[in-house]
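Okay, so here's the structure we're looking at.
The values are calculated or read from the model by the stated rules, or taken from the named source; none is laboratory data. Model, not experiment: these values are computed from the prediction. All Cβ positions, glycine included, derive from the backbone under ideal geometry; neighbour counts span all protein chains shown.
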Amino acid sequence: MNVYFIAKQLGSNYLMQKKDYANLCNGNFHHVVYLYWILKNKKIKNIHLNLVTNLPKNMEKSDIVFFHYDTKDKIDFNNYITVQVIGDYPKLEQSNYYITHNPQMADEKHFFMHFPLPVNIKKLNPVFPPKNFVGVGSAHSFNKTILKQSYIDRCKKYGINLKFITDVNYCNTKADVFIFLRDKKLHLYRK
């Protein structure tokens, strides 16, 4: 069986090149390339895993293609099994299956995969009661109210240090509580 992971660019194994996975600004790379390397590192037998930027012409109906919204124009939804890896982009109804990072979406066609990436993860040493609340994610994906300086200042009056990291994909500061409140205006989080 052939399984293809189509990405806009190829990437190195995250076990060897962690710095390539630290930037938050490349969802297609993280979603598809990272997924490929997770499976490749497991050394799965009898399945041919292929990381590509273009699909071969002669594919079989039983072949599986993992793709991100950014590469949808390269997908022929009638010729093989498709799995869209969904981030903050709309899902394409013509795909056979989906991988999501939102556990509330999991069902017979939507499979949950935990994020964030296991890059530069450090063990937190929280204190109680918690004082440092940290969120990691792309700025566009956070609830806009909590990003406002006035909200952060209001929390500080109650002894809550609120910090948002939007430039790297890991927590690089002291944290007692890890938070992530999605913006409800994002396509997949409107419910």
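Please determine, by comparing only the residues of segment 93-118 that are modelled with pLDDT under 90 and farther than 18 Å from Phe180 by Cα, which one is surrounded by the fewest Cβ atoms within 10 Å (Cβ to Cβ). Only one residue fits best here, namely Glu108. A Cβ distance below 6 Å, combined with a sequence gap of six or more or placement on separate chains, defines the contacts here; from segment 124-145, residues that are more than 13 Å from Asn172 (Cα to Cα) reach residues that are in a strand (DSSP E or B) and modelled with pLDDT of 80 or more in the pairs Pro130/Val177; Lys131/Asn161.
The residues listed here are Lys40, Lys72, Lys61; of these, the one that is charged (D, E, K, R), part of a loop (DSSP other than H, G, I, E, B) and assigned by TED's automatic domain parsing to the domain that holds Asn13 is Lys61. Among the residues making up segment 2-49, a single one is of a type outside the set (A, V, I, L, M, F, W, C), touching a strand residue (DSSP E or B) at 6+ places or on another chain (Cβ under 6 Å) and at pLDDT below 70: Asn28.
Just one of the numbered conditions (1) more than 16 Å from Leu35 (Cβ to Cβ); (2) at pLDDT 90 or above; (3) surrounded by 14 or more Cβ atoms within 10 Å (Cβ to Cβ) is not true of Val83: (1).
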